[in-house]
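The values are calculated or read from the model by the stated rules, or taken from the named source; none is laboratory data. All values reported here derive from a predicted model rather than from experimental measurement. Positions of Cβ are backbone-derived with ideal geometry, glycine not excepted, and every protein chain shown enters the neighbour counts.
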Amino acid sequence: MEKWLEGLEPVVVHQDIKVPYRYSMGPVSSRFFIEIRDNRKIMGIRCPRCDVVYVPPRATCGRCFSLLDEWVEVGNEGTLETYTQVLYPTPVQPVGAPFYYGIVKLDGADNGLAHLVGDLGGQEPRIGMRVQAVYRNERMGNMLDILHFKPVEQEKRPAPRGQSGRKGEKAKQQKIGKGKEKAQGKKDSRKKKAKAKTTKTAERLTVPNQKKKRKKIKPGPSSGRA
């Protein structure tokens, strides 16, 4: 230590150093997020050896370690395989608690995609539920460009001509009821025929064979010689 520093107490300064930088996602992840941002398409990547489609895509297969470059588009809809509810907030959460995380297996993919599940209408999600992706209007090129996955709305079929609302539904139920009655009648008729046939066969088997009765001849009085 130099002489001029002798006897001096060190001064400690606490400060935060900010280092701004941009993270490169690489060619595989970049295309995945660009397709979501620009085209609202979810892309997967297929392994040529294992025939497995990964979503999100990856550069190498996790099974055979082959290099992957075969891109395929998967569906915006899928099946909810499992889920969990987050009740307590943390600084890194994308949305405020409570909310649901889920694993969604998209149509055409072989693995699950972890994402938020929302728009449930006050109900809890269920395993096996069909869900679809909901995209943000302003997308930035990250995973939150998909706002969440919501339940798929069931298609509403139009009522027959001349019928609508409750009348159409009533006519539909009556038609279904008549069809069920007709089918039940045919079923009962077949049962009766089968039962009658079985009874007839059983009677044949149970009636004993009647033997012909032989007439017994009584011996007459013997005639003696004179």
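When Gly44 is tested against the conditions (1) among the small types (Gly, Ala, Ser); (2) part of a strand (DSSP E or B); (3) closer than 15 Å to His148 by Cβ, the lone failure is (3).
A residue that is in a loop (DSSP other than H, G, I, E, B), closer than 19 Å to Pro57 by Cβ and not β-branched (Val, Ile, Thr) cannot be found anywhere in the range 89-105. With respect to being in contact with a helix residue (DSSP H, G or I) (Cβ under 9 Å, 6 or more places away or on another chain) and modelled with pLDDT of 60 or more, Asn142 fits the description.
When Val134 is tested against (1) under 26 Å from Arg22 (Cβ atoms); (2) of a type in the set (A, V, I, L, M); (3) more than 17 Å from the chain's Cα centre (by Cα); (4) modelled with pLDDT of 95 or more, just one condition goes unmet, and that condition is (1).
Within the range 77-103, residues that are free of Cβ contacts under 8 Å to residues at least 24 places away in the same chain and under 16 Å from Phe149 (Cα atoms) sit with their Cβ atoms under 8 Å from residues that are of a type in the set (Asp, Glu) and surrounded by 11 or more Cβ atoms within 10 Å (Cβ to Cβ), at 6+ positions apart or across chains, in these pairs: Ile103/Glu81.
Checking Val28, Val11 one by one, the residue that is of a type in the set (Val, Ile, Thr), over 24 Å from the mean Cα position of the chain (by Cα) and part of a loop (DSSP other than H, G, I, E, B) is Val11 and no other. Among the candidates Leu120, Leu113, the residue that is of a type in the set (A, V, I, L, M, F, W, C) and either within 17 Å of Ile42 (Cα to Cα) or out of contact with any strand residue (DSSP E or B) (no Cβ under 8 Å at 6 or more places or on another chain) (or both) is uniquely Leu113. Applying the criterion of being assigned to a strand (DSSP E or B) and of a type in the set (Val, Ile, Thr) to the residues of the range 54-88, the residue that is farthest from the chain's Cα centre (by Cα) is Thr60.
Against the test of being among the aliphatic types (A, V, I, L, M) and touching a residue at least 40 places away in the same chain (Cβ under 8 Å), the options Ile17, Ile45, Ile34 yield a single qualifying residue, Ile34. Criterion applied to Gly108, Gly121, Gly141 was being under 17 Å from the mean Cα position of the chain (by Cα) and of a type in the set (Gly, Ala, Ser), and the one residue passing it is Gly108.
Just one of (1) out of contact with any helix residue (DSSP H, G or I) (no Cβ under 6 Å at 6 or more places or on another chain); (2) acidic (Asp, Glu); (3) at pLDDT 95 or above fails for Glu155. It is (3).
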